[in-house]
Amino acid sequence: MSTDILGVPHAVIRADEYIGYKIPKGAGAMWNVWAVHMDPIRHPDPRRFDPARYIDDHQTAAEAASNPDASKRDHFVFGAGRRLCQGMHIGERSLFLSMSRLLWAFSFQKADDADGKEIVPDADNLTEGLFVLPKAFPEKLYQEMLKESRR
Ligand code: HEM
């Protein structure tokens, strides 16, 4: 899932050519992260939540970003090239810490509707803009269960 669907805009410092396209000096260039992430050749069934896709990938974000074989990069959310995110080490570790602590402290479950049926969040119901995230959806958070188990 791309959180930045288009990279941060840049401009080319000299005229260039890429697969037959002429790029004039000063032209804006944006990195289409969404298109790369949604490429079914790179990621079969790309919108399916499937952490097992990366089960054999032991690279850190920085190692993946500097892998000369672009097909071995897990994602491009930190950008690409020499303006790559300088904070990816902090970003990756902060995400790991916050997610693992949330999973340690809470039990997350889908909320029920009035008939007691589970409400499945729509993975395509996203906020709009350069950066996207899921719109708020109902859920059940059970910190209480944790307290119970400690008594
Ligand atoms: C999950 C968290 C983060 C994400 C998704 C993220 C994403 C990005 C992206 C997409 C860019 C533009 C890259 C490009 O133009 O190709 C960028 C640039 C940058 N990021 Fe991050 N970032 C994150 C966290 C951080 C943190 C924690 C720091 C600093 C402590 C940081 C510092 C920077 C800097 C300094 C740049 C500019 C690099 C340059 O233009 O040379 N980022 N980031």
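A few notes on this one:
- Checked against (1) within 9 Å of the ligand (Cβ to nearest atom); (2) touching a helix residue (DSSP H, G or I) at 6+ places or on another chain (Cβ under 9 Å), residue 90 meets all criteria but (2).
- Residue match in the stretch 100-115 (condition: within 17 Å of the chain's Cα centre (by Cα) and at negative phi): yes
- Being over 16 Å from the mean Cα position of the chain (by Cα) and not assigned by TED's automatic domain parsing to the domain that holds residue 133 is true of residue 26.
- Here residue 120 fulfils each of the conditions (1) outside any helix (DSSP H, G or I); (2) among the β-branched types (Val, Ile, Thr); (3) within 15 Å of the ligand (Cβ to nearest atom) apart from (3).
Rundown of residues vs (1) open to solvent by 90 Å² or more (accessible area, probe 1.4 Å); (2) away from the ligand (no atom under 16 Å from the Cβ); (3) part of a loop (DSSP other than H, G, I, E, B), yes/no style:
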position: 1; (1), (2), (3): yes, no, yes
position: 13; (1), (2), (3): yes, no, yes
position: 22; (1), (2), (3): yes, yes, no
position: 25; (1), (2), (3): yes, yes, yes
position: 47; (1), (2), (3): no, yes, yes
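The values are calculated or read from the model by the stated rules, or taken from the named source; none is laboratory data. Keep in mind the model is a prediction, meaning the values are calculated, not measured. FYI the Cβ positions are ideal-geometry reconstructions off the backbone, even for glycines, and counts take in every protein chain you see. When the accessible area is computed, the model is the full protein with side chains, heavy atoms only, and any ligands, DNA or RNA have been set aside. Shrake-Rupley method; radii C 1.70, N 1.55, O 1.52, S 1.80 Å.
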